[in-house]
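The block underneath contains the structure these notes are about, expressed in C-alpha cells.
The values are calculated or read from the model by the stated rules, or taken from the named source; none is laboratory data. This structure is a prediction, so every number in the text was calculated from the model and none was measured. Positions of Cβ are generated from backbone atoms using ideal geometry, with glycine treated the same way; all protein chains shown enter the neighbour counts. Accessible surface is based on the protein model in full, side chains and every heavy atom, while ligands, DNA and RNA are left aside. Shrake-Rupley method; radii C 1.70, N 1.55, O 1.52, S 1.80 Å.
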Amino acid sequence: MPLHRGPDAPDERPVSVNPFYGLANPAAGMNEAPPKHRLPDAPIPPSTAHQLVRDELMLDGNSRLNLATFVTTWMEPQAGLLMAECRDKNMIDKDEYPRTAELERRCVAMLADLWNAPDPSGAVGCSTTGSSEACMLAGMALKRRWAQRNADRYPGARPNLVMGINVQVCWEKFCTFWEVEARQVQMEGDRFHLDPQAAAELCDENTIGVVGVLGSTFDGSYEPIAELCAALDALQERTGLDVPVHVDGASGAMIAPFLDEEVAWDFRLPRVASINTSGHKYGLVYPGVGWALWRDAEALPEELVFRVNYLGGDMPTFALNFSRPGAQVVAQYYTFLRLGREGYRAVQQSTRDVARSVADRVAALGDFRLLTRGDELPVFAFTTAEDVTAYDVFDVSRRLRERGWLVPAYTFPANREDLSVLRVVCRNGFSADLADLFVEDLTRLLPELRRQPGPLTRDRAAATGFHH
C-alpha cells in the first residue's frame, strides 16, 4: 500500500459545495464548508457529504477503460447484491458466520480439484486479500520448511529464494520483510522471464524454493514450469538438493486450466508445493480476494497455523490480515457456482480472442512490433518499430490517455533496459466493441504522432502512472 503524509502547506480553503445542497434554503446555511485536511467541527448533511466525495471521484479514470490493470472491473448485478449483503460480515469470525466460512472451504476444495491436487481432500488452503498476501504466506511456508530441514545450520545460514527478475514486487517485499536473499534470473534477448537452467544454477543448500510465474505481468507469457521442475529434478540427481517450486499463478492459474489443459504447471508436477492466484483477476471477482493452496498438510508447517479461541470457537488460521469482509469470498463462490468449468472456459476464451484480435490489428498498423500476441494470458506487449523515430511508447500512452484509455508504458528491467513497451490487458468486460473503439482511437492518433519532430516525453518516470 502507498504511504501518505500530510500536506506540506496545509490547505485550509473549504471544500466548495453546490448551494442546492443546503439544509433547507439553497441560498443559506452554506457559509462554512468543511475543511479538506482536518476533521470538520460539526456534521454536515449526508447529501452534501455524498456530493463532495462523488464530485472529486469523477476525476478518476474510468476503470472499464483501464488496460493497465489485471483486476476485475465488471461483475453481474446479482454478484454485486450478494457482496452488498455480506460487506458487514467479518471473514475472521467463522463461529459467527459459519456459512461464509463453509463457502470459503468449498472454494479451496474447488481450486484443489481444478489444480489437480493428488488428493483434493488433503490439500490445504485459505483465502487472502489478494495474491500479494498469498505469496507472503507461501514464502513463509517455504522458509519454515527449509529451516526445519536445516536446523543444524539455521539461523546462521542465510536462506535465499530464486526467481525471475520479472516477478511481481510482492516477492521482493517478501525477501526484504523475511530476510531472505533474492536471487534473480535476468532477462536475455527475447527471453523476458525465467530460464529453467539458469534458475537451477542459482540454487544451493540455502535455497528455500524457486518461484515460477504462470503469466508474467511484463508481457503476459507463461514461464515454463514443467521445464523448471525438470531442471530441479536433474539438480537433485546431481547434488541431492531437493528444491520445491511455488507457482505464482496470480492470473494464469485461472486461465490455463480452462484454455491450456495440456500444459503441465500445477500439482500434477510433484515438485510444485504451493500455488496462489488472484480471485480478483481472472477469477472474475471484484478486488480484493486471493487464494493460497498447498499440495498437502506436509507442505504447510503446522507451527505456522494458529489455533485461536476467538468468540467461542476454535479457529485454525494462517493469514497476515485478520479482520476483512466476507463479501469477496462469497462473490468468488457465486462465480464458481454460476459459471462452472464450461462457463469459465467460454469467458476466458472470449477474452483471449479479443486480445489476439487487437494484437493482430495493432501489428497491422505498421508502426509497432509485438513482443507477445495474447495467446497465453489475454495480454500483449508491443513497442515501436525500428524505423519509427518521431515518437515513442510514452508518447502513445500519453495521447491515449487523452481519449480516456489507460495504457501503461514502461521500461523492462536488467538486462533489457533498452526496451520500452506498451502493454494491453484484456479482461472480461473489455468487449469486442470496446476493442474496436480502442484500435480506432490508436489509429486516429498515428498521423499526429508521425508528424512530431521526435519523442516529446522527456521525463519517462512521469510519463505514465504505471510503475511496475
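Annotations
- Sparse packing (at most 11 other Cβ atoms within 10 Å of the Cβ) combined with a DSSP loop state is found for the following GluC sites (Glu not before Pro) in segment 345-447: E386, E417.
- Normalised by the number of residues in segment 79-232, the average gap of Cα pairs under 8 Å and 6 or more apart makes the relative contact order 17 percent.
- Each principal axis of the Cα atoms in segment 179-262 has its own extent, and those three values, largest first, are 37, 28, 26 angstrom.
- Protein accessible area in segment 241-303, 1.4 Å probe - carbon and sulfur %: 53
- Alpha-carbon spread of segment 266-414, three principal axes, descending order, Å: 67, 37, 37
- Anisotropy class of segment 223-263 from Cα gyration tensor, a/c 1.5 cut: prolate
- Estimated FRET transfer efficiency when R0 is 30 angstrom, pair R64-E205 (beta carbons, to 0.05): 0.05
- Percent accessible area from carbon and sulfur atoms, segment 112-187, protein chains only, probe 1.4 Å: 48
- Cα gyration tensor, segment 351-417 - rounded (a/c under 1.5), prolate or oblate: rounded
- In order along segment 419-434, the Karplus-derived 3J(HN,Hα) couplings, from 6.51 cos²θ - 1.76 cosθ + 1.60 at θ = phi - 60°, round to 10, 10, 9, 10, 10, 10, 9, 9, 10, 4, x, 8, 6, 4, 5, 5 Hz, and Gly and Pro are given as x.
- Share of pairwise Cα separations in segment 87-230, more than 18 Å, in percent: 65
- Relative contact order for segment 326-468, counting Cα pairs under 8 Å that sit 6 or more residues apart, in percent: 25
- Exposed trypsin sites (Lys or Arg not before Pro) absent - longest run of the chain, DSSP non-H/G/I/E/B, at most 10 other C-beta within 10 Å: 39-450
- Residues of segment 411-449 with an amide N closer than 15 Å to a point placed 7 Å from the Cα of E402 along the Cα-to-Cβ direction: 441-449.
- For q = 0.14, 0.19 Å⁻¹, Debye-computed log10 I/I(0) when each Cα of segment 62-115 counts as one equal scatterer: -0.59, -0.91
- Cα-based equivalent ellipsoid, segment 154-220: semi-axes from gyration tensor eigenvalues, Å: 22, 14, 8
- C203 accessible area, 1.4 Å probe, all protein chains in place, Å² to nearest 10: 20
- Antiparallel bridges, percent of DSSP beta bridges restricted to the chain (to nearest 5): 60
- Amide hydrogen neighbours beyond the local backbone of V71, cut-off 5 Å, H modeled: none
- Compactness of segment 324-389 - radius of gyration and Dmax, Cα, Å: 17.4, 53
- Here E448 and L57 are evaluated by their C-beta separation; at R0 = 35 Å the FRET efficiency comes out at 0.70.
- Computed over protein heavy atoms with a 1.4 Å probe, the accessible surface of the chain works out to 48 Å² per residue.
- Projected label points at A151 and E181, each 7 Å from Cα along the beta carbon direction, are separated by 2.5 nanometres.
- The share of accessible area on segment 402-458 that comes from carbon and sulfur is 49 percent, using a 1.4 angstrom probe.
- Accessible heavy-atom area order of T176, T207, highest first, probe of 1.4 Å: T176, T207
- Charged side chains reduced to their Cβ positions (Lys and Arg at +1, Asp and Glu at -1) give segment 222-325 a dipole of some 440 debye around its Cα centre.
- Alpha-carbon spread of the chain, three principal axes, descending order, Å: 80, 68, 48
- Kirkwood-Stokes translational diffusion coefficient of segment 248-353, alpha-carbon pairs, 4 °C, 1.567 mPa s, µm²/s: 83
- The antiparallel fraction among DSSP beta bridges confined to segment 201-286 stands at about 10%.
- Segment 261-310 shape via C-alpha gyration tensor axes, a/c threshold 1.5: oblate
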